[in-house]
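The values are calculated or read from the model by the stated rules, or taken from the named source; none is laboratory data. Note that the structure is a prediction, hence the values are computed from the model and not measured. All Cβ positions, even for glycine, are placed from backbone atoms using ideal geometry, and neighbour counts span all protein chains on display. Ligands, DNA and RNA are excluded from the accessible area calculation, which covers all protein heavy atoms including side chains. Shrake-Rupley method; radii C 1.70, N 1.55, O 1.52, S 1.80 Å.
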Amino acid sequence: MKQEKQNKVAIQETYGERFQHCWGCGPQNEAGIHLKSYPSEDGKSVICKVIPDEKFTGGVPQNLFGGMIAMIFDCHGTASAAYFNHKNKGLELSEETVIGRYITARLEVDFKKPVPMNEEITVISTLEELTDRKAIVNMTMEACGEKRAESRIIAVGVKDNI
């Protein structure tokens, strides 16, 4: 998958060493996708931009298959939860950050329209709720100026010893 390069630090790059091996977003997984999520300038949302590889086409040619859509929401949603928790503590995101890791407890996906291949996909997340251990994040996936899917993730913070 191709991703827009940014000068900022991607949230996934701040995961502790033990948590950097996810196939979808882990920077240390050589065979992975390396999805990257970045906080918006105002810190109120988190943005991911990606162009899917042709090999991830669905049952209808030239459209992304649903499992990849869910994976993008999953990886972006947990990164967003980690960022919103980090920001809530009054902390900045930098290359030296080792961010608290979140994992998926529940993921809901509403498929609205097919997601085209060879087009940039933008996923934007916003925080719905944050407690000591849980974050609820809402996400929208757009391509070609249209909403293609929506998702809601309940993510929970984990300790480094899971």
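Annotations for the structure displayed:
- Nearest-20 debye value, the range 76-162 charge dipole, Cβ charges on Lys, Arg, Asp, Glu: 340
- The chain, accessible surface, carbon-and-sulfur percent (1.4 angstrom probe): 47
- Candidate values [x] 43, 32, 31; [y] 79, 35, 24; [z] 44, 41, 25 were compared with Cα extents along the principal axes in Å computed on the shown model; the agreeing label is [x].
- Contact order normalised by residue count of the range 15-162, Cα under 8 Å, 6+ apart, percent: 24
- Selected from Val158, Val98, Gln20, residue furthest toward positive end of dipole (the chain; charges at beta carbon): Val158
- Here the translational diffusion coefficient of the range 83-162 follows from Stokes-Einstein with Rh set to the Kirkwood radius across Cα pairs; for 37 °C and 0.692 mPa s it amounts to 230 µm²/s.
- Packing-based ranking, highest mean first, of 148-157, 92-101, 117-126 given that Cβ atoms within 10 Å are counted: 148-157, 117-126, 92-101
- GNM top mover of Val50, Val115, Val60 - the chain, alpha-carbon springs below 10 Å: Val60
- Probing with 1.4 Å while keeping every protein chain in the model, the per residue accessible area of the chain equals 52 Å².
- Using the Stokes-Einstein relation with a Kirkwood hydrodynamic radius computed over Cα pairs, the translational diffusion coefficient of the range 8-75 at 37 °C and a viscosity of 0.692 mPa s comes to 251 µm²/s.
- Dipole in debye (nearest 20) - the chain, about Cα centre, beta carbon charges: Lys, Arg +1; Asp, Glu -1: 280
- Fluctuation leader among Asp42, Asp110, Asp74 - the chain, Gaussian network, Cα springs under 10 angstrom: Asp42
- Cβ-defined net charge surrounding Lys44, 14 Å radius [Lys, Arg +1; Asp, Glu -1]: -2
- 3J(HN,Hα) along the range 20-25, derived from phi through the Karplus expression 6.51 cos²θ - 1.76 cosθ + 1.60 where θ = phi - 60°, amounts to 9, 10, 4, 5, x, 10 Hz, with x in place of Gly and Pro.
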